[in-house]
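Heads up: the structure comes next, in structure tokens.
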Amino acid sequence: MTVLDDVAAPGAATAAAIATDDRYAAHNYAPLPVVAASADGAWITDVEGRRYLDCLAAYSAVNFGHRHPAVIVAAHAQLDAVTLVSRAFHSDRLGPFCRALAELCGKDAVLPMNSGAEAVESGLKVARKWGTDVKGVPAGEGNVVVAHGNFHGRTTTIISFSDDDTARRGFGPYTPGFRAVPFGDADALAAAIDERTVAVLLEPIQGEAGIIVPPDDFLPRVRRICTDRNVLFIADEIQSGLARTGRTFACDHWDVRPDVYLLGKALGGGVLPLSAVVADWDVLGVLHPGEHGSTFGGNPLAAAIGSTVVAMLATGEFQDRATRLGERLHARLRTLIGHGVLAVRGRGLWAGVDVDPRLGSGKEVSLRLAAHGVLVKDTHGSTLRFAPPLVITADEIDWAVDQFAAVLGELTQANVSARKSSVAS
Ligand SMILES: Cc1ncc(COP(=O)(O)O)c(C=O)c1O
């Protein structure tokens, strides 16, 4: 039996849980056959009692590790006080959270929402309203420039400007008003802007596309172009932000300050969905009562957790860990180039790894890695993403990369054997 057979033929508890999922949960994902029962720090334990090193961190939503003690203490305390009043009333948690987050971002104010996609939708609505109310673009005429290869979420409007056919096909009609340019091409971006452009929306480092870092002059040029042309620069830092890349925001690597930050994922401390649009009053001030909202947005439980997350980020500890340990992760992964790995990209504890497609698909490599006790996720084709919780240790990084090297060795061996047998036959 091969390692892959171990994963493909899971234990009884795993099989039963997956069967129930398959029967009752919509099939909009194709998860690895690992059924989590508990998790702590960088580790997940499955229903069979097997432990896995989590090198995905829920797509960066678990930046601070599973059940970080400070987050859990804050959540428990708030559960015993008040959890939800809607925005029909005030709560004593919302203001302090918004103040702390605005200060972290160096902005005036916060629009709290829940999922990342909601933050993106809200940012786009704010930009369109800013376009009509402040810039003077005729109502319904504003356009937004985005990048090819983007990933900003799954709502109808957001998929309207995605170029991922799987994400789009069958979901039309699509929302108009978007123009896509190659990511990293500031000249194309400048050329796409006209007098009706209200915003440029970018991930500073593209996550789902495979951790694509733009050329060094790109974001500073985008900043200048947006200022010169009176266009809002919206940075989607939902996956790249909150310490993942070694800085509070990925934009910080280039000393760039966008007009609008979109935040999510790790803002909820790995406990609940909490997202935000963060900007100055000259932008967020375009919203008036009744024009936008969310029943759960900014609820006291989320705000208490969000305040704790912001306080953790304010210490700089997690940014330092991501920088230090990220250098180790990248250095170790780079030693595998030429041994089954074609390229390694990224910043901080965020690495996109292109595996030689002759060795197998990203999914196959992920399956084998799971059998070795390491959880990662493929993005496209044979590209894997390593994004462990920032509480991972140096030894754990070494161990994860050792397991990856072992998997590449197995696949290389299998590939050589397959070629030999095809030559023989
Ligand atoms: C850059 C970016 N924006 C937005 C989203 C959407 O976030 P959510 O899945 O919470 O809606 C994601 C999710 O992966 C993302 O990576």
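The values are calculated or read from the model by the stated rules, or taken from the named source; none is laboratory data. Because the structure is a prediction, the values reported are computed rather than measured. Here the Cβ is made from the backbone with ideal geometry for all residues, glycine too, and neighbour counts use every protein chain on show.
Does Gly172 qualify as being in the same structural domain as Val198 (by the TED database) and within 16 Å of the ligand (Cβ to nearest atom)? Here the answer is no, as Gly172 does not meet what is asked. Does any residue of the stretch 164-171 turn out to be closer than 30 Å to Asn299 by Cα, assigned to a loop (DSSP other than H, G, I, E, B), among the basic types (Lys, Arg) and within 23 Å of the chain's Cα centre (by Cα)? No, because not a single residue in the stretch 164-171 is closer than 30 Å to Asn299 by Cα, assigned to a loop (DSSP other than H, G, I, E, B), among the basic types (Lys, Arg) and within 23 Å of the chain's Cα centre (by Cα).
Summed over the stretch 334-381, the residues that are at pLDDT below 95 and of a type in the set (Val, Ile, Thr) give a count of 1.
In the stretch 128-153, which residues are more than 15 Å from the ligand (Cβ to nearest atom) and in contact with a strand residue (DSSP E or B) (Cβ under 8 Å, 6 or more places away or on another chain)?
Taking the stretch 128-153 as the starting set, the residues that turn out to be more than 15 Å from the ligand (Cβ to nearest atom) are 128-143, 145.
The answer is Arg128, Trp130, Gly131, Lys135, Val137, Gly142, Asn143, Val145.
What residue, of Ser86, Ser38, Ser91, is hydroxyl-bearing (Ser, Thr, Tyr) and touching a Pro at 6+ places or on another chain (Cβ under 9 Å)?
Working: Ser86 fails: touching a Pro at 6+ places or on another chain (Cβ under 9 Å); Ser38 fails: touching a Pro at 6+ places or on another chain (Cβ under 9 Å).
The conditions single out Ser91.
I'd like to check something: does the stretch 404-424 contain any residue that is among the acidic types (Asp, Glu) and in a loop (DSSP other than H, G, I, E, B)? No, because not a single residue in the stretch 404-424 is among the acidic types (Asp, Glu) and in a loop (DSSP other than H, G, I, E, B).
Okay, residues lined up against (1) touching a residue at least 12 places away in the same chain (Cβ under 8 Å); (2) part of a loop (DSSP other than H, G, I, E, B):
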{"position": "Glu208", "(1), (2)": "yes, yes"}
{"position": "Arg224", "(1), (2)": "no, no"}
{"position": "Thr227", "(1), (2)": "no, no"}
{"position": "Cys251", "(1), (2)": "yes, no"}
{"position": "Val277", "(1), (2)": "yes, no"}
{"position": "Val286", "(1), (2)": "yes, yes"}
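With surrounded by fewer than 24 Cβ atoms within 10 Å (Cβ to Cβ), in contact (Cβ under 8 Å) with a residue 24 or more places away in the chain, within 16 Å of the ligand (Cβ to nearest atom) and β-branched (Val, Ile, Thr) as the only criterion, which of Val181, Val256, Val213, Val200 stands out?
Working: Val181 fails: within 16 Å of the ligand (Cβ to nearest atom); Val256 fails: within 16 Å of the ligand (Cβ to nearest atom); Val200 fails: surrounded by fewer than 24 Cβ atoms within 10 Å (Cβ to Cβ).
The conditions single out Val213.
For the stretch 55-79, the candidate set comprises residues that are under 25 Å from Ala314 (Cβ atoms) and not in a helix (DSSP H, G or I); within that set, the residue that is nearest to the ligand (Cβ to nearest atom) is Ala61. Consider Tyr52 carefully, then state whether it is touching a residue at least 60 places away in the same chain (Cβ under 8 Å), out of contact with any helix residue (DSSP H, G or I) (no Cβ under 6 Å at 6 or more places or on another chain) and among the hydroxyl-bearing types (Ser, Thr, Tyr). The answer is yes for Tyr52.
Buried (at least 24 other Cβ atoms within 10 Å of the Cβ), more than 16 Å from the ligand (Cβ to nearest atom) and assigned by the TED database to the domain that holds Leu104: which single residue out of Val283, Val277 fits that description? So that I can check it myself, show each step before the final result.
Numbers: Val277 fails: more than 16 Å from the ligand (Cβ to nearest atom).
Just a single option satisfies the conditions, and that option is Val283.
Within the stretch 106-130, residues that are touching a residue at least 24 places away in the same chain (Cβ under 8 Å) and in a helix (DSSP H, G or I) sit with their Cβ atoms under 7 Å from residues that are near the ligand (Cβ under 10 Å from one of its atoms) and among the hydroxyl-bearing types (Ser, Thr, Tyr), at 6+ positions apart or across chains, in these pairs: Gly116/Ser275; Ala117/Thr155; Glu118/Ser275; Ala119/Ser275; Glu121/Thr155.
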